[in-house]
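K.L.:
Structure incoming, see below.
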Amino acid sequence: MNEKFMKVLKIAIPTLTVILIASQLFGAPATSQKETLDLIQKNEMIEIEIAVPKDEEQGTLKQLDWNILAELDSYQDTLRVPFEKIFYVTVDETTGEKVGRPYFNATGENIQNNTFVNACKNKLFNQMLNQSAVIEALSDAACNTYADLDTDDSYVNAMMALNGYFNLLPDTEEGYCNPNSTLTRAEFLSLMMRADAPVDDTLTLNSKFEQAVGKSEHNLYAQEVQQYSYLNLSDKSLNSQTYNGTISRAEVIHYMVTRYYADELAELDLSSTKVTFTDAKDGGDIAAKQEFKGKDYATSYELVWAVNNPDDGLPTELYKSLVVAAEQGLIDAESDVRWDEGVTKAECIELLFDMASDEVILTQTEHEGSGAGSNGLGNPAYYDETTGYFDAGYAESGLTYDEDIADGYEGFTVVTHEDGTSHIVYNKDGSIYYPGDLMPNGDTYPGNEKDKEIAFQEIIDAMLEYEKQKGDN
């Protein structure tokens with residue numbers, strides 16, 4: 001495990017703080033399991049500190065605000081304008097609304113109050129985020145915005161560009177985005193809510209939640225999703241100590257699986273799964289084994305025990321979450337899971353993106369804007385000067401999509417950009433091709449703007465011939 005030389009667990013009781021140092025440091029635990037159990041028997045709140053990786057937070061955090069995506073104006077020149085150019089965002093002259101990929105929800109509607117998760121579930125936005133050129137462009141924008149990024153770490157930088165554009169977690173007054181800072185449970189829960197919920201000005205603070213965890217600017221958001229947290233309110237494990245402590249990777253993965261893969265988790269049979277890990281195993285019902293099941297703070301005690309004794313395994317509930325995450329491709333079972341380490345800001349956003357990518361929705365009408373090209377109908381090679389969309393249409397206007405496919409013809413849409421270039425959308429599967437990209441038939445998309453109809457018809461003919469040859473084989 002990366003730098004896994006120490007785990008520090010603080011167990012706080014009224015007049016004493018005991019530091020437990022894991023056996024990796026001296027070859028034997030500084031505090032025996034019996035002594036640990038004796039402390040737990042006092043039934044006191046436990047603060048859990050995860051020491052790896054080392055937190056690298058710099059600067060003074062800006063106040064946490066929550067505004068509709070289209071109304072944000074932070075980092076306008078260095079981040080927002082370049083970001084919107086990369087993703088073809090324009091402003092509708094009639095409505096004044098922003099139109100473009102960050103504003104498409106999962107089903108292709110243009111939403112001003114869109115969320116990060118919904119944007120990532122849209123195939124058009126998601127597909128671009130899987131292109132190296134887009135990652136590099138986002139990295140450049142982020143490096144021009146923040147003072148603490150490594151220009152060689154393009155993917156991390158791109159994650160921080162996404163954080164800044166979607167306003168997930170605040171940056172600092174000094175211009176730091178802190179990609180390597182570890183997240184507290186308060187920050188994590190707040191991030192998860194803000195990434196997946198439209199801005200709602202009617203939210204009010206839950207006084208019972210605040211009483212349980214203490215005052216924090218994250219409470220308004222965290223309270224809405226606390227039910228997915230591994231440490232819970234019911235046994236007081238989510239409290240003023242643990243809420244502000246570093247969250248482990250196991251807990252982060254547990255949250256995502258519980259919320260987004262609930263059916264898969266419910267159906268999981270550990271006896272039949274083929275998933276195994278290099279650094280994680282099922283530790284069973286640790287709370288029952290160590291005789292603190294049913295007590296206040298029991299879940300936090302269980303986590304303390306697992307982190308301090310990693311070779312004995314995780315509680316079954318956490319382990320099952322890791323298995324589902326591996327089966328769904330959210331984590332790689334062949335690499336170290338690092339379940340007992342902390343999660344950085346950049347890592348968490350990457351996990352969110354990977355989760356949303358697994359839920360990309362593809363529909364035949366998923367194209368930019370409205371009008372020609374978005375309804376799947378129209379005359380062949382029809383160009384709408386008003387919308388700027390060029391639709392190859394279907395062979396016969398009025399056919400349904402299924403009828404058209406059965407008729408042997410598949411529609412395409414060309415989207416023209418402000419600079420005169422274009423890209424093509426293959427209606428059958430939503431795949432996108434830019435000038436110079438290889439298409440399924442092996443030809444290169446020319447993006448010929450001088451004679452769109454001729455160039456486009458060549459693409460259609462080549463694609464249809466490719467599909468025919470596949471069928472013949």
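K.L.:
Of all residues being out of contact with any helix residue (DSSP H, G or I) (no Cβ under 6 Å at 6 or more places or on another chain), at negative phi and surrounded by 16 or more Cβ atoms within 10 Å (Cβ to Cβ) in the stretch 91-103, which is modelled with the highest pLDDT? Just the residue, please.
P.N.:
The residue in question is TYR103.
K.L.:
Have a look at GLU251, GLU187 and point out the one that is over 25 Å from THR60 (Cα atoms), surrounded by 18 or more Cβ atoms within 10 Å (Cβ to Cβ) and not β-branched (Val, Ile, Thr).
P.N.:
GLU251
K.L.:
Please tell me if SER335 is modelled with pLDDT under 95, in the same structural domain as GLY245 (by TED's automatic domain parsing) and under 27 Å from TYR155 (Cβ atoms).
P.N.:
Yes; evaluated as a whole, the condition is true for this residue.
K.L.:
Output the qualifying pairs, or none if there are none: Cβ atoms under 6 angstrom, residues six or more apart or on different chains, first residue in the stretch 215-234 and under 14 Å from TRP66 (Cα atoms), second residue buried (at least 20 other Cβ atoms within 10 Å of the Cβ) and charged (D, E, K, R).
P.N.:
Between residues of the stretch 215-234 that are under 14 Å from TRP66 (Cα atoms) and residues that are buried (at least 20 other Cβ atoms within 10 Å of the Cβ) and charged (D, E, K, R), the close pairs are TYR221/ARG194.
K.L.:
Can you tell me which residues in the stretch 248-299 are outside any helix (DSSP H, G or I), under 23 Å from LEU238 (Cβ atoms) and of a type in the set (Phe, Trp, Tyr)?
P.N.:
Matches in the stretch 248-299: TYR261, PHE292, TYR297.
K.L.:
Which condition does ALA287 not pass, out of (1) closer than 20 Å to ARG185 by Cβ; (2) at pLDDT 95 or above; (3) aliphatic (A, V, I, L, M), if it passes all the others?
P.N.:
(2)
K.L.:
Can you find even one residue in the stretch 77-96 that is among the β-branched types (Val, Ile, Thr), in the same structural domain as LEU168 (by TED's automatic domain parsing) and within 16 Å of the chain's Cα centre (by Cα)?
P.N.:
There is no residue in the stretch 77-96 that is among the β-branched types (Val, Ile, Thr), in the same structural domain as LEU168 (by TED's automatic domain parsing) and within 16 Å of the chain's Cα centre (by Cα).
K.L.:
Among the residues of the stretch 332-357, write down those that are over 27 Å from ASN167 (Cβ atoms) and surrounded by fewer than 21 Cβ atoms within 10 Å (Cβ to Cβ).
P.N.:
ASP332, ALA333, GLU334, SER335, ASP336, ARG338
K.L.:
Now a separate question. Filter the stretch 110-149 down to residues that are among the small types (Gly, Ala, Ser) and surrounded by 20 or more Cβ atoms within 10 Å (Cβ to Cβ) and give me whichever is nearest to VAL91 (Cα to Cα).
P.N.:
ALA119
K.L.:
Please go through (1) part of a helix (DSSP H, G or I); (2) under 30 Å from ASP200 (Cα atoms) for SER234 and return the number of the only condition it doesn't satisfy.
P.N.:
Among (1) part of a helix (DSSP H, G or I); (2) under 30 Å from ASP200 (Cα atoms), the lone unmet condition for SER234 is (1).
K.L.:
Residue by residue through the stretch 97-110, note down the ones that are within 25 Å of ASP358 (Cβ to Cβ) and either more than 22 Å from the chain's Cα centre (by Cα) or free of Cβ contacts under 8 Å to residues at least 40 places away in the same chain (or both).
P.N.:
Passing the criteria: TYR103, ASN105, GLU109.
The values are calculated or read from the model by the stated rules, or taken from the named source; none is laboratory data. All values reported here derive from a predicted model rather than from experimental measurement. Methodologically, a virtual Cβ is constructed for each residue, glycine included, from the backbone with ideal geometry; neighbour enumeration extends over all protein chains shown.
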